[in-house]
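Laboratory data are not the source of any read-out in this text; all were calculated from the coordinates shown. None of these values were measured; they are calculated from a predicted model. In this analysis, Cβ positions are derived from the backbone assuming ideal geometry, glycine residues included, and neighbour counts consider all displayed protein chains.
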Amino acid sequence: KYIKGVDKLVFLGDYIDRGKDSRLVIQFIRSLQENYDNVVALMGNHEDMLLDYLYEDDSTWLWNGYETTMESYKGFDKQFKSDVQWMKALPLYHEDDNFVYVHAGVDVYKPMEEQDRHTLLWVREDFIYSAKEYYKQVVFGHTPVVFLDEEGSNKPTYTYTYNIDIDTGCVYGGSLSALIIDDGEIEGFYQISKE
């Protein structure tokens, strides 16, 4: 249960492209932000692809969710334009006293204020397999844990250092997971299946 003014929700991005209701997902998160304190929505690489398609003449998005997302919007309507402006303003990371939250990962040799957009939204191996610990534990998604765990786990997984990947592969038939952090300590996680 979310306690207004006390609890914080941090979403790690990729609200579009991978399901049939991208529009409703964004409306839900925006509604949470309008009605509750401490709701943080970070940008993911799929929002980045949409923005690059619209503003940078990059066609990558056409093969990575364009049709699904545009079907949910029924075209470039007023709501789509409003949601694009919301996406443009999404932060690339969030930091609190104990954790750094990002979509994909960080360059472990740079402080957060020097991180580049591509790393925060797209990095995989250079971050995941780095033996160097960052100054804070990093909570990230982007790379499904099934790709990291030889046993094919469907649970949030610690990487080679102490960072934790919470992408449990919902798009591949796994679960959607939420990490529970209480007073700076990881207490567990919630999961819901795709069905």
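Side notes on the structure shown:
- Shape of the chain, Cα gyration tensor, a/c cut at 1.5: rounded
- Karplus (6.51, -1.76, 1.60) ³J(HN,Hα), θ = phi - 60°, over the stretch 56-72, in Hz, Gly and Pro reported as x: 10, 6, 9, 8, 3, 4, 4, 10, 9, x, 3, 4, 4, 5, 5, 5, 5
- Ignoring the sites themselves, the chain has its longest run without chymotrypsin sites (Phe, Trp or Tyr not before Pro) in a DSSP loop having at most 14 other Cβ atoms within 10 Å at 3-75.
- Once both labels are positioned 7 Å from their Cα atoms along Cα-to-Cβ, the gap between GLU71 and TYR190 label points is 2.9 nm.
- Of the residues ILE26, VAL39, GLN79, the one whose Cα sits farthest towards the positive end of the charge dipole of the chain is GLN79 (charges of +1 on Lys and Arg Cβ, -1 on Asp and Glu Cβ, taken about the Cα centre).
- Across the chain, the mean sequence separation of Cα contacts (distance under 8 Å, 6 or more residues apart), normalised by length, yields a relative contact order of 15 percent.
- Degrees separating the helix 22-35 axis from the principal Cα axis of the chain, which is the longest one: 70
- For the stretch 1-116, a/c is not less than 1.5, where a ≥ b ≥ c are the root eigenvalues of the C-alpha gyration tensor, and a/b does not top b/c. That puts it in the oblate class.
- The stretch 25-134: trypsin sites (Lys or Arg not before Pro) in DSSP coil with no more than 10 other Cβ atoms inside 10 Å: LYS74, LYS132
- Pair GLN85, SER31: separation of 7 Å Cα→Cβ label points (nm): 2.1
- Gained length - GLU125 relative to PHE147, 0.36 nm times residue gap less alpha-carbon distance: 6.8 nm
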